[in-house]
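The values are calculated or read from the model by the stated rules, or taken from the named source; none is laboratory data. Remember, predicted model here, so these are calculated numbers, not experimental data. Quick reminder, even Gly has a Cβ in these numbers, built from the backbone with ideal geometry, and neighbours come from all protein chains shown. The area values use the complete protein model at the heavy-atom level, side chains included, leaving out ligands, DNA and RNA. Shrake-Rupley method; radii C 1.70, N 1.55, O 1.52, S 1.80 Å.
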Amino acid sequence: MLSACSRVNLKRTLATHAKFPSVPSEFKSKVPPYSKLLDNLGQVKKITNDAPLTLAEKILYSHLCDPQESIVSSNLQDIRGLQYLKLNPDRVAMQDASAQMALLQFMTTGLSQTAVPASIHCDHLIVGKKGEAEDLVTAMSTNKEVFDFLQSCGEKYGIQFWGPGSGIIHQIVLENFSAPGLMMLGTDSHTPNAGGLGAIAIGVGGADAVDALTGTPWELKAPKILGVKLTGHLSGWASPKDVITKLAGVLTVRGGTGYIIEYFGEGVSSLSCTGMATICNMGAEIGATTSTFPYQEAHRLYLQATGRSVLADQADIALNEFGFLRADEGAQYDKVVEINLSELEPHVNGPFTPDLSTPISEFGERTLKEDWPQKISAGLIGSCTNSSYQDMTRAADLVRQASQAGLKPRIPFFVTPGSEQIRATLERDGLIKTFTDNGATVLANACGPCIGQWDRQDVPKTSKETNSIFSSFNRNFRARNDGNRNTMNFLTSPEIVTAMIYSSNAQFNPVTDSIKLDNGKTFKFNPPVGQDLPRAGFEQGRTEFYPAADPKPQPDVKVEVSPESDRLQLLEPFKPWNGKELKTNVLLKVEGKCTTDHISAAGVWLKYKGHLENISYNTLIGAQNKETGEVNKAYDADGSAYDIPGLMMKWKDQGKPWTVVAEHNYGEGSAREHAALSPRFLGGEIILVKSFARIHETNLKKQGMLPLTFANEQDYDKISSGDILETVNLVDMVAKKGDNGGELDVKVTKPSGESFIIKAKHNMSKDQIEFFKAGSAINYIGNISRNQQ
């Protein structure tokens, strides 16, 4: 018999369910379980005495596995930034480069299907060079083994497979899967793009994705909440991209670490859904866990335009009947930043870091002061950040203006549609022709140059001469886009990029300046005009780029991995911890910025994403040695010079575990799991830094490494390569399941024999300690699975 309390809860649950009409079967995997989420949220509200919650907290807490376990206090300040949450995500999305390792890890669990809906997106392995037609054929030939592997995994486990040419993961997720109140994980750092449609979407490594795929509770330290209040409305040249490029300048690449960014205020309602997605996308560049927006009319219109009116109706009920998809009145943010959209001007960010932000009105002067190139060498628009219909119509408007004045681009111009749906709609509405008639190369529906998949013809990779490009991308680390360390990528809106290709001069400000024509007259752009959504609706395009809507597992499908393959390699489990203190040698002391691009380079290395041994030959090849100033150079104890992975391999063969010491925000950038897998594979045991980027720190824990931070940052200066680092109280920390006060003593012994103790910090949770003991998270999950069987 039910208790009185249970009867009340059951009555409340039934009443909640009654508010939501049944969902057609074809939409069940695409509509968040609002009734269940509201029931969970009700439990949280009871524990916290109905304290007002931010939108981010509502979505996160409604996905808790057990609210009673995670919400340990009625005071929200005792939870934010302190308490680990165990969560049940609704969905997983994987791009092809990271999906290989995620699926290789999933295969080791022995499960026959995924616990939640999932999708694979082939977007990272297509090199941009001549245009879609030729580039796609080349990519499908070059990467056939990998694409076949991913497709067979999709068929075997019931995962939706979006093949090469279908589009970029984040655009496809926005068009098909993102939803207000959804919680999803994606194996790409720009997964937060889906927050533009009111979701909590978090970028993770493959091992984290496997948690969700296996139904294992996914753990996240409860983020703090940073509120960004938007007032006014955009006009003229200002665009949604300028909101996030300005915010990056305010907060820096570390300012969002440990926070979810939640946008609110009157200005929100003036933005398009895809504009909000652009803003959320680049939240990754300031270290944020994710970003999100409250449910708006723009979201309803976008859902309707993309064939999801059923979802819009459900979201309307969740908002209007239950107040679910917005922050509670009186909700408190840990920090608040205000941006007046009416006063916002275009910004240009770079070079080499996405937070070096300059208003366009000051950019020309700054280029002279910093001695940046005055000649711009290429313009690129599109990518997952800025390839929406709104972006492209505004860019095309500028192209038409220039064409009518008789202007042609003075530099190479590349356009990357975000999906087949976008490409087909642009083609139907004449925009593709507008671009190509005016000299643009339209690349495949893929990531392309944004992630380094650009076979650039005008500037060789080995060129020592500095050059600059303008792009509407989201990231601009050194050598990221074309493999050339001397290419400066300036991030800005598609509109500014498009205008700049007609001048190619860094001093040109399209908002105020004119271009001299051949006939002696001058031409000045009018502010760009575009459309949020196509008046004739979206065009689906070529059917071969669309997968089955609701694939079922096919257990008889064989997933083949050849032992002779240089692209794919089955994984061998890492060894479990031996129960003793760690004793390691400092292999390298890294200077300055060390992103996942430095730790595990992309570009040509992407082809080895499914082969751990081969891709490990790129480990830390972009890192700068603090002691010598050299890149990709480390020294053995006898003074012999090696490339960094070469010394790692030598020490691994000698049974000599090692440590890397580094500075702030180590592992910034992509959710590149190989930046943790490869060091572990090559014998690394400890990474000791001033601070970590969130995703990378988690990835290290998932692979059984020990990530530590200096308790006193000045201790970084006391350590040199060749020193021996020994943990002193690791055994005690593990025995206490991480609950030892968050500190670890490390003994440093110099080659001279001198030794001293430094304090290091850790934030290992109970579950993460289990990963460490087992040798990796996958080992731990496998152990549990085998024990259950």
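Miscellaneous remarks
- Here the chain has 48 percent of its accessible surface on carbon and sulfur atoms, given a 1.4 Å probe and all protein chains in place.
- The label point for Asp739 and the one for Thr462, both projected 7 Å from the Cα toward the Cβ, are 6.0 nm apart.
- Extension gain (nm, one decimal) between Ser785 and His233, 0.36 nm per residue minus Cα-Cα: 193.4 nm
- Among Met649, Phe523, Gly439 - extreme Cα towards positive end, dipole of the chain, charges at beta-carbon: Met649
- Rounded to 5, the percent of DSSP beta bridges in the range 583-788 classed as antiparallel: 60
- Evaluated over the range 87-343, the Cα radius of gyration and Dmax, each in Å: 18.8, 57
- Magnitude of the charge dipole for the range 583-788, about its Cα centre and with charges confined to Cβ atoms of Lys, Arg (+1) and Asp, Glu (-1), is about 600 debye.
- Summed over the residues of the chain and divided among them, the accessible surface reaches 36 Å² per residue at a probe radius of 1.4 Å.
- Over all Cα atoms in the range 583-788, the spread is summed up by Rg and Dmax: 16.3, 53 Å.
- DSSP beta bridges in the chain [antiparallel fraction, %, rounded to 5]: 35
- Neighbours of Lys702, meaning other residues whose beta-carbon lies under 11 angstrom from its beta-carbon, give a summed charge of -4 when Lys and Arg score +1 and Asp and Glu score -1.
- Here the range 690-741 was treated as a single set of alpha-carbon atoms; its pair distances binned every 5 Å from 0 give 4, 15, 18, 26, 25, 11, 1 percent.
- For the range 676-733 versus the range 148-188, the gap between their alpha-carbon centres in whole angstrom: 33
- Asp90 sits among other residues whose Cβ lies under 13 Å from its own Cβ, and their net charge, with Lys and Arg +1 and Asp and Glu -1, is +4.
- The convex hull drawn around the Cα atoms of the range 89-170, when projected onto a plane and averaged over every direction, covers 5.4 nm².
- Debye-sum result for the range 602-724 in log10 I(q)/I(0), which assumes one identical scatterer on each alpha carbon, at q = 0.20 Å⁻¹: -1.28
- Descending semi-axes in Å of the range 34-85, equivalent ellipsoid built from Cα gyration tensor: 16, 11, 10
- Shape annotation for the range 626-666: C-alpha extents along the principal axes are 30, 19, 14 Å, from largest to smallest.
- Spread over its residues, the convex hull of the C-alpha atoms of the range 304-356 is 202 Å³ per residue.
- Counted charge near Tyr157, where neighbours are those whose Cβ lies closer than 13 Å (Asp, Glu -1; Lys, Arg +1): +1
- Value of Rg to Rh for the range 417-567 (Rh from inverse mean 1/r over Cα pairs, i.e. Kirkwood): 1.07
- DSSP-defined beta bridges in the range 87-343 - what % are antiparallel, rounded to 5: 5
- Residues of the range 285-301 with amide N under 19 Å of a point placed 7 Å along Cα→Cβ from Arg254: 285-290
- Amide H within-cut-off set for Val631, under 5 Å, with H built and near neighbours excluded: Asn625
- Across Lys130/Lys241; Lys86/Lys156; Lys229/Lys524; Lys464/Lys593; Lys224/Lys750; Lys28/Lys575, pairs whose alpha-carbon gap is larger than 30 Å: Lys229/Lys524; Lys224/Lys750; Lys28/Lys575
- Dipole magnitude for the chain: computed about the Cα centre from +1 point charges on Lys and Arg Cβ and -1 point charges on Asp and Glu Cβ, it is near 420 debye.
- Separation between Cα centres of the range 282-345 and the range 437-514, rounded to whole Å: 31
- Within the chain, helix-based [θ] at 222 nm, where runs of 4 or more DSSP H residues each add -39,500 (n - 2.57), nearest 500: -9000 deg cm²/dmol
- Highest average first, the peptides 165-173, 353-361 ordered by how many other beta carbon atoms sit within 10 Å of their residues are 165-173, 353-361.
- Cα centroid separation - the range 640-664 against the range 77-129, whole Å: 30
- Taking only the Cα atoms of the range 656-710, the ratio Rg/Rh comes out at 0.92, with Rh defined as the Kirkwood radius.
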